[in-house]
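First the structure, in the form of structure tokens, and then the observations on it.
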Amino acid sequence: MEPTVVLRAGRDKSVRRLHPWIFSGGIADVRGHPAPGDTVRVMSAAGECVGQGAYSPESQLRVRMWTNDPEAVVDESFVTHRVIESARRREHLSTISDAVRVVFSEGDGVPGVIADRYGDAVVVQIGSAGAERWRDVVADALLSLEGVACVYERSDIEAREREGLAPRTGLIRGVEQAPESIINERIGGRGFRFAVGFSAGQKTGFYLDQRNARAAIATVAQGRRVLNAFSYTGAFSVIAAASGAAAVTSLDSSGPALAGAIRNAELNAVQVGEQIEGDAFAELRTLRDRARSYDLILLDPPKLAQTEAQVDRASRAYKDLNLLAAKLLAPGGILMTFSCSGGMSPGLFQKVVAGAALDARRALRIIGRLDQPGDHPVPLSFPEAAYLKGLILEAE
Ligand code: SAH
């Protein structure tokens with residue numbers, strides 16, 4: 001028989017509402033011995049087929065829906081079409097940047113697949129058994145995109161472990177070339193170039209999700225003394241410097257990331273400014289103890305809550321960082337503060353920052369909000385895809 005997953009009574013409701021995830025606890029029975037990544041028919045307790053999804057026997061997240069259409073055929077052309085259509089929806093972005101996320105997993109109906117385009121290279125991340133099953137098809141589809149010369153794999157994320165998949169990295173399609181691209185992005189009416197290393201960099205190499213923040217920084221940096229905490233390869237620092245910042249300090253715990261910032265400063269003919277290599281929690285304290293003061297602080301920590309269960313502990317860390325930043329902010333200064341922890345809601349993040357400002361005895365006003373750009377789309381039926389939030393705050 002066709003591999004089939006039978007849901008517990010009532011568990012078909014979220015599937016019918018187009019939510020793409022089925023957890024192991026929602027499943028009453030598995031029939032037909034599906035292998036990892038196989039497409040299974042999903043059946044309600046009453047025996048009605050409500051769609052088809054990819055089976056992940058090792059993960060609590062047991063099925064990721066491909067489609068709610070019982071008649072659809074999930075095959076090579078189905079997967080190819082999803083990838084190509086997803087890339088096509090980004091075409092309008094090409095006037096702004098040649099670096100875009102062309103596939104955003106469930107956000108684009110391709111669960112487990114993240115694909116970031118950097119010029120003529122695509123870096124792909126395969127994060128689920130279902131995506132692994134179609135890896136070659138996905139790679140071929142990405143290589144077929146106009147102007148793409150190679151596809152590089154960065155499947156070295158934690159999520160793979162939960163799926164029982166080993167990490168894997170390296171060139172998988174196209175011509176061997178330096179594992180680096182120089183990308184071009186228009187920010188505030190000016191062209192910027194950034195070097196993206198996709199074999200050694202973090203995530204797939206560049207924080208495409210912060211495109212809105214990059215534009216916001218260009219509009220406010222003029223004349224300000226800038227502190228860029230968690231600076232990675234200095235994209236924010238370079239933009240601030242090019243936009244007339246009075247001084248720029250970059251702070252990161254990664255030496256290679258700071259070296260990347262020097263390179264990026266050179267590529268854009270700006271001064272890299274002061275660099276501090278160290279733990280931000282400690283270094284911000286040191287700066288505060290030295291009574292340093294900044295007119296623009298950028299605070300973009302890594303994901304401090306990996307899961308919803310970690311949100312409480314992470315809240316304290318976010319508060320700590322924002323408290324220090326609030327103290328370092330000059331009168332009239334601007335703080336752009338971010339959280340990319342999906343488990344932390346925008347409401348909770350704002351509350352945590354409000355608590356930090358109160359403890360720092362600073363009156364801060366929200367003058368803007370930032371979130372992930374359109375190449376990281378959030379289906380209305382899958383709000384979990386929204387993970388990045390930022391507040392632009394102004395001090396009295
Ligand atoms: N704003 C950056 C992205 C920041 S990613 C951009 O747009 O490119 C988060 C960065 O935080 C990474 O570069 C990582 O090296 C750094 N990091 C992680 N933990 C840190 C810590 N405790 N102190 C300082 N930096 C840290």
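The values are calculated or read from the model by the stated rules, or taken from the named source; none is laboratory data. Since the structure is predicted, the reported quantities are computational estimates derived from the model, not experimental observations. All Cβ positions, glycine included, derive from the backbone under ideal geometry; neighbour counts span all protein chains shown. Remember, those area values only see protein heavy atoms, side chains included, never the ligands or the DNA or RNA. Shrake-Rupley method; radii C 1.70, N 1.55, O 1.52, S 1.80 Å.
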| message | For segment 100-236, compute the orientation-averaged projected area of the C-alpha convex hull (one quarter of its surface), in nm². | response | 9.2
| Which value, in debye to the nearest 20, describes the size of the charge dipole of segment 76-179 about its Cα centre when Lys and Arg Cβ atoms bear +1, Asp and Glu Cβ atoms bear -1, and nothing else is charged? | 120
| Which three lengths, in whole Å and largest first, does the chain cover when its Cα atoms are put on their principal axes? | 71, 48, 33
| task | Using θ = phi - 60° and the Karplus relation 6.51 cos²θ - 1.76 cosθ + 1.60, list the HN-Hα couplings for segment 166-179 in order, rounded to whole Hz, with x at every Gly or Pro. | result | 7, x, 8, 9, x, 5, 10, 8, x, 7, 5, 8, 4, x
| query | When we measure straight from the Cα of K203, which aspartates and glutamates land under 13 angstrom away, once same-chain ones fewer than 8 places off are left out? | reply | D116, E153, D156, E158
| Going by accessible area, probe 1.4 Å, with all protein chains left in place, what is the ranking of K327, K351, K319, K389, largest first? | K351, K327, K319, K389
| Between A360, A326, A221, which gets the highest mean-square fluctuation from a Gaussian network model of the chain, Cα cutoff 10 Å? | A360
| field | Ranked order, D209, D312, D320, D371 - accessible area, probe 1.4 Å, largest first | value | D312, D371, D320, D209
| Which one of A218, A139, A317 has the biggest mean-square fluctuation once the chain is modelled by GNM with Cα springs under 10 Å? | A317
| task | Rounded to whole Hz and in sequence order, give me ³J(HN,Hα) for segment 115-123 from the Karplus expression 6.51 cos²θ - 1.76 cosθ + 1.60, θ = phi - 60°, writing x for Gly and Pro. | result | 9, 10, 9, 10, x, 8, 10, 10, 9
| task | Restricting things to alpha carbons, find the Rg to Rh ratio for segment 26-158 using the Kirkwood radius for Rh. | result | 1.02
| Residue-averaged 222 nm ellipticity for the chain, from DSSP H runs of 4+ at -39500 (n - 2.57), nearest 500 | -8000 deg cm²/dmol
| note | For segment 233-315, the Debye formula with one identical point scatterer on each Cα and no solvent gives log10 I(q)/I(0) at q = 0.11, 0.23, 0.25 Å⁻¹ as -0.35, -1.13, -1.23
| message | Less than 16 Å apart at the alpha-carbon level, and either on another chain or at least 8 residues along: which lysines does that give for K351? | response | K319, K389
| task | Would you work out the charge dipole size for segment 255-372 about its Cα centre, treating the Cβ of every Lys and Arg as +1 and the Cβ of every Asp and Glu as -1, and quote it to the nearest 20 debye? | result | 460
| query | Toward the positive end of the charge dipole of segment 299-396, about the Cα centre and with charges on Cβ (Lys, Arg +1; Asp, Glu -1), which of P302, G332, P346 goes farthest? | reply | G332
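Just to be sure I understand: of the beta bridges DSSP finds with both ends in segment 76-179, what percent are antiparallel, rounded to 5?
Among the beta bridges of segment 76-179, antiparallel pairing accounts for roughly 80 percent.
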| remark: GNM of the chain, Cα pairs under 10 angstrom: of I217, I297, I96, the biggest fluctuation goes to I96
| request: In debye, nearest 20, what is the charge dipole magnitude of the chain about its Cα centre with +1 on Lys and Arg Cβ and -1 on Asp and Glu Cβ, if you could check? | output: 1360
| So in the chain, what percent of DSSP beta bridges are antiparallel if you round to the nearest 5? | 70
